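Read through the structure below, which is laid out as structure tokens, and then see the notes.
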Amino acid sequence: MPGLRSYSRLLIGLLLLGACVSGSAQTGSSIPSYEDGLLTVPRVDVEGLGFFSSASYAAIQQAREQRLIRLRMAESLPKRRSQMEQLQTVRNTEVELQTLLNYLPDEVSTGLQGQAEVALAAFASGLAVSANLNAGGFDTHGDHDTDHSDSLTQLLQGIDHLWDQIEAQGLQDKVTVVVGSDFGRTPFYNEGNGKDHWNITSIMAMGAGITGNRVIGATDENFEVLALNPSSLQLDDSGILITPHHIHRSLRDFLGVTDELDNLFPIGAEKLDLFGKDCYLAGKTGSDSTSRVTFPSIDIPDR
């Protein structure tokens with residue numbers, strides 16, 4: 001991951017490509033407990049919990065369903081009623097959250113690593129096809145070098161653990177990981193040895209479908225973004241600057257949802273092959289499947 005930029009806040013998006021994984025989950029439930037900072041998830045049979053009888057659970061479920069029906073029928077706005085129908089469908093689904101526990105480790109880690117474990121368990125159990133993981137500690141307006149170095153170390157350890165979890169669940173040919181931040185840090189220090197907001201940042205993409213082992217875009221000695229040719233993606237003084245619009249457009253192309261979303265939320269940006277859609281269609285993956293894209297971002301002030 002060469003040239004990883006100074007960030008403000010990191011967001012890791014996971015996309016499960018292809019059909020949902022069907023697991024051989026066993027019926028069961030668990031009561032999580034905390035020991036030494038870790039979430040311990042023992043495997044306990046539902047019938048052994050003894051909180052309520054089966055008849056009580058059935059009555060509770062029936063009351064919940066009737067309440068959702070009342071809420072849905074009370075809505076006069078079509079969009080609100082549609083949302084309530086979706087909520088009722090989700091609540092009444094046969095896929096229960098209990099199946100998630102069958103794919104979690106006995107001890108769920110804390111921080112970014114724990115987020116990775118829960119996300120991959122959700123993928124493997126068929127409960128989710130996408131997830132957002134968050135890592136903080138990058139808004140280093142003071143003592144930048146010390147704080148940012150520690151945060152980057154934790155980030156990279158978290159990403160490494162994330163990929164271990166992807167492989168452990170057998171999803172390495174189905175999961176694509178996108179790592180990004182809303183903006184970067186200045187190339188110079190302020191009076192408190194910190195770095196303030198800078199509207200140039202980078203993202204990383206790795207995993208299924210990514211044409212890896214390449215860097216798209218660059219900055220000059222003043223950390224200003226350089227233009228590139230939209231066809232070759234090589235540096236070109238007469239080219240264009242990559243913006244967040246191009247990133248979202250490329251993600252839509254990569255996932256094959258461009259036509260549907262463009263009708264609802266059009267994006268006025270050139271089509272760039274930033275993530276290797278052609279490679280994904282050919283089913284090519286590999287260990288060198290990491291790319292980085294540098295582009296101007298939108299500065300969001302501190303609140």
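In the stretch 107-145, which residues are buried (at least 18 other Cβ atoms within 10 Å of the Cβ), closer than 30 Å to Asn193 by Cβ and touching a helix residue (DSSP H, G or I) at 6+ places or on another chain (Cβ under 7 Å)?
Of everything in the stretch 107-145, those that are buried (at least 18 other Cβ atoms within 10 Å of the Cβ), closer than 30 Å to Asn193 by Cβ and touching a helix residue (DSSP H, G or I) at 6+ places or on another chain (Cβ under 7 Å) turn out to be Leu112, Gln113, Leu133, Ala135, Phe138, Thr140.
Of the residues Lys195, Lys174, only one is within 21 Å of Asp145 (Cβ to Cβ) and charged (D, E, K, R); which?
When all the criteria are applied, what remains is Lys195.
Out of (1) of a type outside the set (Lys, Arg); (2) under 30 Å from Phe183 (Cα atoms); (3) surrounded by fewer than 18 Cβ atoms within 10 Å (Cβ to Cβ), what's the single condition that is false for Ala58?
(2) is the only condition that Ala58 fails.
Hey, among Ser231, Ser238, Ser181, which residue is of a type in the set (Gly, Ala, Ser) and at pLDDT below 90?
From the options Ser231, Ser238, Ser181, the qualifying one is Ser181.
Just to check your reading of the model, which residue among Leu171, Leu162 is in a loop (DSSP other than H, G, I, E, B), in contact with a helix residue (DSSP H, G or I) (Cβ under 9 Å, 6 or more places away or on another chain) and under 23 Å from Ser109 (Cα atoms)? Full working, then the answer.
Numbers: Leu162 fails: in a loop (DSSP other than H, G, I, E, B).
Criteria check complete, one pass: Leu171.
Please give the number of the condition Gly217 fails out of (1) more than 18 Å from Asp182 (Cα to Cα); (2) at pLDDT 90 or above; (3) more than 19 Å from the chain's Cα centre (by Cα).
Only one criterion is unmet by Gly217, namely (1).
So, in the stretch 206-222, of the ones that are assigned to a strand (DSSP E or B) and in contact with a Gly (Cβ under 8 Å, 6 or more places away or on another chain), which residue ends up nearest to Thr243 (Cα to Cα)? Steps first, answer last, please.
Within the stretch 206-222, the subset assigned to a strand (DSSP E or B) is 206-207, 214-216, 219.
Imposing the further condition that a residue be in contact with a Gly (Cβ under 8 Å, 6 or more places away or on another chain) reduces the set to 206, 215.
Working: Met206: 20, Val215: 16 Å.
Filtering the stretch 206-222 for residues that are assigned to a strand (DSSP E or B) and in contact with a Gly (Cβ under 8 Å, 6 or more places away or on another chain), the one nearest to Thr243 (Cα to Cα) comes out as Val215.
The values are calculated or read from the model by the stated rules, or taken from the named source; none is laboratory data. Quick caveat, the model's predicted, so the values are computed rather than measured. Note: ideal-geometry Cβ built from the backbone for every residue, glycine included; neighbour counts use all protein chains shown.
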